[in-house]
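The values are calculated or read from the model by the stated rules, or taken from the named source; none is laboratory data. Being a predicted model, the structure only gives us computed values, none of them experimental. Virtual Cβ from ideal backbone geometry, glycine too; neighbours counted across all protein chains shown. Please note that ligands, DNA and RNA were not included when accessible areas were found on the heavy atoms of the full protein model with its side chains. Shrake-Rupley method; radii C 1.70, N 1.55, O 1.52, S 1.80 Å.
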Amino acid sequence: MKRFFAALAVMLPLVTPAAAQQDKVLNLYSARHYDTDEALYANFTKATGIRVNRIEAGDEALLERLRNEGANSPADVLLIVDASRLHAADLAGLFAPVKSALLDARIPAALRSPGGTWFAFSSRARILVADPAVPVADIQDYLDLADGKNRGRVCTRPGSHPYMLSLIASVIAHHGEARAEAWARATVANMARPPRGGDTDQIRAVAAGECAVALTNSYYLVRLMRSRKPEDRAVAEKVRVIWPDQAGHGTHMNVSGGGVLRNAPNREAAVRFLEYLAGDEAQAYFANGNNEWPVVRTAIAKNPELESLGRFKSDTLSIQEIAVRTPAAQRIADRAGWR
Ligand code: FE
């Protein structure tokens with residue numbers, strides 16, 4: 001909490017809603033903070049004359065801030081990551097539904113909420129990385145994390161993190177709650193060490209020989225591959241990439257996304273901004289900023305390191321189907337002691 005307020009102190013003040021209407025502005029609360037985003041916002045302003053005021057903070061801090069601001073919030077658009085967080089924002093009633101033929105046409109139905117409250121703008125895969133010495137047959141699917149063959153090999157971040165909750169939710173969607181819970185318990189029993197750290201820490205732990213197999217979002221690995229630091233690139237080179245569940249449902253996909261806020265003072269500008277993000281050029285910037293994939297099929301993000309990971313079969317489960325199961329996933333993580 002202390003860190004949250006310290007972060008707020010360095011943020012620029014937003015213009016008041018009254019001034020905003022005269023000025024053509026958009027107040028954006030964003031959990032993104034990438035270099036390429038500068039061009040993204042500059043191009044929007046160039047195309048529309050709408051200035052973008054940004055508040056950048058962590059996902060949880062932004063959700064907390066919006067809850068505290070309530071009806072007085074100056075925010076028009078919220079951009080956050082992961083199905084579970086989009087769902088939490090949705091459940092809290094933060095988003096106002098958007099009806100846009102353009103968004104409906106460009107963003108696949110599986111990547112937006114049925115009610116038009118949120119839309120995905122980039123996608124990421126939850127992949128496995130392994131010590132190359134681990135036999136390929138031992139680990140091909142998320143379910144294999146629970147297999148006795150992998151005892152003492154597994155590293156993950158804490159199970160209650162949104163990325164884990166979404167993965168557990170996808171296991172629930174495909175296999176039911178009982179099997180998901182048995183899987184979670186057995187996976188915890190296979191851990192090389194208690195869950196800790198973020199996804200990058202799991203990749204580093206595999207490279208360091210602390211664990212033999214770990215879960216990570218795809219962009220963390222690509223970030224290491226593209227790092228200026230040779231020691232980071234060496235970490236990425238030490239691990240084998242596994243696209244999970246290629247013989248079954250396909251690799252679990254998640255998204256970053258956002259929506260127009262219920263109390264948006266500049267609603268029209270907000271909808272235009274979301275529509276702009278769905279354009280081919282914006283999609284490329286948006287995806288590349290975090291080494292992700294565009295959600296719009298015609299958009300081309302040139303990212304050789306990301307492309308070097310190769311093609312894979314992705315799970316077609318809708319993000320909403322994952323999102324609605326994240327509360328059940330949390331209960332399973334708790335019961336399994338996946339802390
Ligand atoms: Fe992340």
Can you find even one residue in the range 253-269 that is over 24 Å from H87 (Cα atoms) and outside any loop (DSSP other than H, G, I, E, B)?
no
Give the residues of the range 30-79 that are touching a residue at least 40 places away in the same chain (Cβ under 8 Å), open to solvent by less than 30 Å² (accessible area, probe 1.4 Å) and of a type in the set (F, W, Y), sorted by residue number.
F44
Can you pull out the residues in the range 180-224 that are within 16 Å of the ligand (Cβ to nearest atom) and hydrophobic (A, V, I, L, M, F, W, C)?
I203, A214, L215, L221, V222, L224
Would you say S84 is at pLDDT below 95 and either open to solvent by less than 10 Å² (accessible area, probe 1.4 Å) or closer than 18 Å to H252 by Cβ (or both)?
yes
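For the range 282-339, give me every one of the helices (runs of 4 or more DSSP H) that falls completely inside it and has 3 or more residues that are aliphatic (A, V, I, L, M).
So the answer is 319-323, 326-336.
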Search the range 99-138 for residues being open to solvent by 10 Å² or more (accessible area, probe 1.4 Å) and touching a Phe, Trp or Tyr at 6+ places or on another chain (Cβ under 8 Å), and hand back the single one that is nearest to the ligand (Cβ to nearest atom).
S123
For the range 89-103, which positions are in contact (Cβ under 8 Å) with a residue 60 or more places away in the chain and touching a strand residue (DSSP E or B) at 6+ places or on another chain (Cβ under 9 Å)?
A89, D90, L94, F95, A96, V98, S100, L103
Please list, ordered by residue number, the strands (runs of 3 or more DSSP E) wholly in the range 50-166 having 2 or more residues that are more than 19 Å from the chain's Cα centre (by Cα).
51-56
